[in-house]
1. Give the lysines whose C-alpha is closer than 21 Å to that of K4, dropping any in the same chain fewer than 8 places away, or say none.
2. With all protein chains present, how much of the accessible area of the chain (probe radius 1.4 Å) comes from carbon and sulfur, to the nearest whole percent?
3. If I model a spin label at E25 and S43 as a point 7 Å from the Cα along the Cα→Cβ vector, what separation in nanometres do I get?
4. Using a 10 Å cut-off on Cβ atoms, rank the peptides 57-70, 99-112, 14-27, 132-145 from the highest mean neighbour count down.
5. Keeping all protein chains in place, calculate the accessible area per residue for the chain (probe 1.4 angstrom), answer in Å².
6. Taking amide H positions as placed 1.01 Å from N in the peptide plane, with prolines and chain starts having none, which residues 5 or more places from K135, or on another chain, fall under 5 Å of its amide H?
7. Starting from 0 in steps of 5 Å, tell me what percent of the Cα-Cα pairs of the range 55-185 lands in each bin.
8. Could you tell me the center-to-center distance, by alpha carbons, between the range 40-56 and the range 134-186 in angstrom?
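The values are calculated or read from the model by the stated rules, or taken from the named source; none is laboratory data. Bear in mind that the values here come from a model prediction, so they are computed numbers and not experimental data. FYI the Cβ positions are ideal-geometry reconstructions off the backbone, even for glycines, and counts take in every protein chain you see. The accessibility values were calculated without ligands, DNA or RNA, using every heavy atom of the protein model including side chains. Shrake-Rupley method; radii C 1.70, N 1.55, O 1.52, S 1.80 Å.
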Amino acid sequence: MVDKIKAEKAIEMFLEAIGEDLNREGIKDTPKRVAKMYEELTSGYSLNAKEPLSKVFSVNHSDLVLVKDINFHSLCEHHLLPFMGNVHIAYIPNTQVVGLSKLARTVEIYARRLQLQEQLTNQIADSIYEYLKPKGVFVVVSAEHTCMTMRGIKKVGSKTLSYSSKGVFKDNYQLQKNVLDLINNG
Ligand SMILES: [Zn+2]
């Protein structure tokens, strides 16, 4: 839970530090708004992916399931700037599958925290592997980092790709390649 009073105070101090006048019409409610916004953007800390990933149903299906293009927005923990893009989740069920919206929910739970893309990718894969218990899971995240496009080297349009593989996908580059082909062309 965000300490909103403390967060508001911090934003006030930050605005003062950059030379703003806290009484200026346009920003007088900014500390309140920003504190509330960060509460929403970090709401994932109080949630556990076990909850959506426990809503499983049994199937007689042991071939690949691929959910592509789950859109997300997160905050980079180094600059507190957004990074955003898509998550692709592939898994090979054991005896159970989960509703597709639950995978999107899982992405949301980890994206709404201060993050590193690599860590986000791993946490999504780990939670699916642990709670859904598939034969394997392969997660691909493609994102644009505004800390790279708005500042520093300003590489507009550059994308960062990260991968996490568990179970049968681990070190099986042929299987991973099949999924990557489906993501890129399917
Ligand atoms: Zn950053």
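1. Hits, sequence-local ones excluded: K28, K32, K36.
2. Its accessible area is 54 percent carbon and sulfur atoms.
3. 3.2
4. Output ranking for 57-70, 99-112, 14-27, 132-145: 132-145, 99-112, 57-70, 14-27.
5. Roughly 57 Å² per residue, with all protein chains present.
6. Placed amide hydrogens put I92, N94 under 5 Å from K135.
7. Calculated P(r), rounded to whole percents: 2, 11, 21, 22, 18, 12, 7, 3, 2, 0, 0.
8. Measuring centre to centre over Cα atoms gives 22 Å.
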